[in-house]
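Any read-out appearing in this document is the output of simple, stated calculations on the displayed coordinates, not a laboratory observation. Everything numeric in this text was worked out from a predicted model, so none of it was measured. A quick note on method: Cβ atoms are made from the backbone with ideal geometry, for glycine too, and the neighbour counts reach across all protein chains shown.
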Amino acid sequence: MLNFNAITASIGAIALSALALSLPAKADEALDKLKAQGFARIAIANEPPFTAVKPDGTVSGAGPDVARAVFKKLGVADVVASISEYGAMIPGLQAGRHDVVTAGLFMKPERCKAVAYSEPILCDAEAFLVKKGNPKGFKSYKDIAVDAKATIGAPGGGTEERLALEAGVPRDRVIVVPDGQSGIKMLQDGRIDVYSLPVLSINDLVKKANDPNVEVFAPVVNAPVYCDGAAFRKDQTALRDEFDKVLAEMKTSGEFAKIVEPYGFSAKAAMSTTRDKLCAG
């Protein structure tokens, strides 16, 4: 004789097990893993002042410094970085090669669908690096598009590459540049007419290059101001929420400003908007 109560209980247990497997991992489980690991694996682009790797291998920059402070308060001792192109960061995160991306990966609706962003951390506008005097008068990505011979360098998979393509610059005139040093060298050598990065990144490059033959045009006309956030996997929203709680406390206490403002970022800009606004586009 069938025991319907037992069958019902078994079905319920199976359903609950399936539901548990489909739910995001609990924050304490993810944190326990990171605590046991002793560090959080972060993806960066080595693009000062957002992110940087010193000659001795030490990871710095505004993004990693904020992440390090937050994770330390969560009981994770440190962060360990791996350098990645922007276009490879989200796939690497989704594949589990990184625990979080802290690299000036600006929030966009399409990216917000792929990752779980924290609240805003670093905000910036776009800039052009051009030859002295801006001889071709480039003030917008559209200006580059209408000049049939103009070329622009930008990080592969980054915001600047997308903005150039959306403005109508043909694919063969948008040159993927692996890093800032390569970008400024290509401009100096005449291999590109413009190199585009966020304002702070361009200013850092110019300061280090100390080349009077190049100059910065900023902000780029009709280009939006963007903010990034720490990007987590979609199944780790609980961990993201714990990160956000500490981040909010740091913003209120002033600790956040003490970290980001020496790098040239505005704490007020990050505190003036929200993830929901930025992800809505």
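Checking the table 207/277; 142/258; 149/185; 142/208; 54/245; 54/185 against a 26 Å threshold on Cα-Cα, which pairs fail? Listed pairs above 26 Å: 207/277; 142/258; 142/208; 54/245. Modelled label positions at residue 72 and residue 211, each set 7 Å beyond Cα in the direction of Cβ, lie 3.7 nm from each other. Top mean-square fluctuation among 130, 76, 221, Gaussian network model of the chain, C-alpha springs under 10 Å? In the Gaussian network model the winner is 221. Across segment 126-217, Cα-Cα pairs more than 24 Å apart make up 8 percent of the total. Which whole-number percent is the relative contact order of the chain (Cα, under 8 Å, 6+ apart)? Relative contact order comes out at 28 percent. Straightening the chain between residue 253 and residue 222 buys 7.7 nm, computed as 0.36 nm per residue apart minus the Cα-Cα spacing. Contact order for segment 126-217, expressed relative to its length and based on alpha carbon pairs under 8 Å spaced 6+ residues apart, stands at 45 percent.
When only Cα pairs below 8 angstrom with a gap of at least 6 residues are kept, segment 67-220 shows a relative contact order of 29 percent.
Net charge of the neighbourhood of residue 156, taken over other residues with C-beta under 14 Å away and scored Lys/Arg +1, Asp/Glu -1, is -3. Taking other residues whose beta carbon is less than 15 angstrom from the beta carbon of residue 108, and scoring Lys, Arg as +1 and Asp, Glu as -1, yields -3. For the pair residue 172 and residue 235, label points projected 7 Å from Cα toward Cβ lie 4.4 nm apart. Tell me the net charge near residue 203. Cut-off is 14 Å between Cβ atoms, residue 203 excluded, with +1 for each Lys or Arg and -1 for each Asp or Glu. Local charge sum for residue 203: -4.
Recomputing percent of Cα pairs over 31 Å apart from the coordinates shown identifies the correct label among (1) 26; (2) 33; (3) 30 as (2).
DSSP bridge analysis restricted to the chain gives an antiparallel fraction near 55%, rounded to the nearest 5.
A Förster radius of 22 Å combined with the Cβ-Cβ distance from residue 188 to residue 266 puts the calculated FRET efficiency at roughly 0.15.
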